[in-house]
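Engineer: Let me begin by handing over the structure; questions about it come next.
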Amino acid sequence: MVGAIQTFGDLIHWHSHIHTIVAEGVFTESGHFVHIPDGWRHRAVDFWRDKVFDLGRLPKVPSQAAVDKIFARLYEHDDGLHIRDRLMAELAYGSGLRRTELARLNVEDLDIESNRAHVMGKGDKPRVVPITSRTAETIREHLRRRHISRGPLFVSWFGGRMRPQSVYYTLRERVGIRPHLLRHACATHMLKNGCGVRVIQELLGHAKLDTTYLYTAVDKQDLLRVVNAAHPRAK
């Protein structure tokens, strides 16, 4: 921590350095943390409105149980269209892919033998992400149904590559959850299961670690439970 907001002058001083606002303060563009006392939080958010992304505006992440119910429903059907929808959801949740990344995937980008996918991410930055065993099984089933070995992984009724908006609509309307919520759930659930933040940063393709912190926000009850369970002085 490099400072704390105590006066209006502090708000002016830090304005040009702010990158992201989180629950207890802000991260500067250089990655340092500035604490915001409760009494100054609303004034800081208002004053820095053009500079910050407020954690309070993040969508509520679905629980593990809620995600499990979604996948249980998806696995009740085995026709080609439902298998395609299931694969979208598996990649969004299992590998943390964005809707644009899903739309840009080609069959040849997938290495099922080594459970990896080559993804063209935000800003045309390539990265390699792992795919889960469930995802790999669904990929095999999807490719068997379509009888293809190359070309777009996800296509529309007309046979053309699905656009990002079509991917969004499919997951929202047919699966029942927006793709970005599955991406948020991927990060949050992995964190709760003990995964390191830097591993999640690499998986999601974030250039800055503080962006990952927004995706992996843990509420105070979760933090208290982890400390009581893991800290030697809590036993």
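The values are calculated or read from the model by the stated rules, or taken from the named source; none is laboratory data. What you are looking at is a predicted structure, and each value in this text was computed from that prediction instead of being measured. Cβ sites come from the backbone with ideal geometry, for glycine too, and all protein chains shown count toward neighbours.
Engineer: Name the residue, out of 111, 124, that is under 13 Å from residue 205 (Cβ atoms) and out of contact with any helix residue (DSSP H, G or I) (no Cβ under 7 Å at 6 or more places or on another chain).
Structural biologist: Values: 111 fails: under 13 Å from residue 205 (Cβ atoms).
The match here is 124.
Engineer: Then there is this: Of a type outside the set (A, V, I, L, M), within 23 Å of residue 67 (Cα to Cα), assigned by TED's automatic domain parsing to the domain that holds residue 175 and touching a residue at least 60 places away in the same chain (Cβ under 8 Å): is that true of residue 121 in this structure? Reasoning before the result, please.
Structural biologist: Values: of a type outside the set (A, V, I, L, M): yes; within 23 Å of residue 67 (Cα to Cα): no; assigned by TED's automatic domain parsing to the domain that holds residue 175: yes; touching a residue at least 60 places away in the same chain (Cβ under 8 Å): yes.
Against the criterion (of a type outside the set (A, V, I, L, M), within 23 Å of residue 67 (Cα to Cα), assigned by TED's automatic domain parsing to the domain that holds residue 175 and touching a residue at least 60 places away in the same chain (Cβ under 8 Å)), residue 121 does not qualify.
Engineer: Quick one: which of 134, 86, 140 is in the same structural domain as residue 199 (by TED's automatic domain parsing), farther than 26 Å from residue 195 by Cα, of a type in the set (Lys, Arg) and more than 17 Å from the chain's Cα centre (by Cα)?
Structural biologist: Numbers: 134 fails: farther than 26 Å from residue 195 by Cα; 86 fails: farther than 26 Å from residue 195 by Cα.
Every option except 140 fails the conditions.
Engineer: Confirm whether residue 183 is in contact with a Gly (Cβ under 6 Å, 6 or more places away or on another chain) and assigned to a helix (DSSP H, G or I). Can you show your working first?
Structural biologist: Numbers: in contact with a Gly (Cβ under 6 Å, 6 or more places away or on another chain): yes; assigned to a helix (DSSP H, G or I): yes.
When the stated conditions are applied, residue 183 passes them.
Engineer: Before we move on, is residue 167 among the aliphatic types (A, V, I, L, M), touching a Phe, Trp or Tyr at 6+ places or on another chain (Cβ under 8 Å) and at pLDDT 90 or above? Break it down into steps so the answer makes sense when it comes.
Structural biologist: Values: among the aliphatic types (A, V, I, L, M): yes; touching a Phe, Trp or Tyr at 6+ places or on another chain (Cβ under 8 Å): yes; at pLDDT 90 or above: yes.
Considered against the rule, which asks whether it is among the aliphatic types (A, V, I, L, M), touching a Phe, Trp or Tyr at 6+ places or on another chain (Cβ under 8 Å) and at pLDDT 90 or above, residue 167 comes out as yes.
Engineer: Would you call residue 80 surrounded by fewer than 21 Cβ atoms within 10 Å (Cβ to Cβ), touching a residue at least 60 places away in the same chain (Cβ under 8 Å) and out of contact with any Ser or Thr (no Cβ under 8 Å at 6 or more places or on another chain)?
Structural biologist: Values: surrounded by fewer than 21 Cβ atoms within 10 Å (Cβ to Cβ): yes; touching a residue at least 60 places away in the same chain (Cβ under 8 Å): yes; out of contact with any Ser or Thr (no Cβ under 8 Å at 6 or more places or on another chain): yes.
It is true that residue 80 is surrounded by fewer than 21 Cβ atoms within 10 Å (Cβ to Cβ), touching a residue at least 60 places away in the same chain (Cβ under 8 Å) and out of contact with any Ser or Thr (no Cβ under 8 Å at 6 or more places or on another chain).
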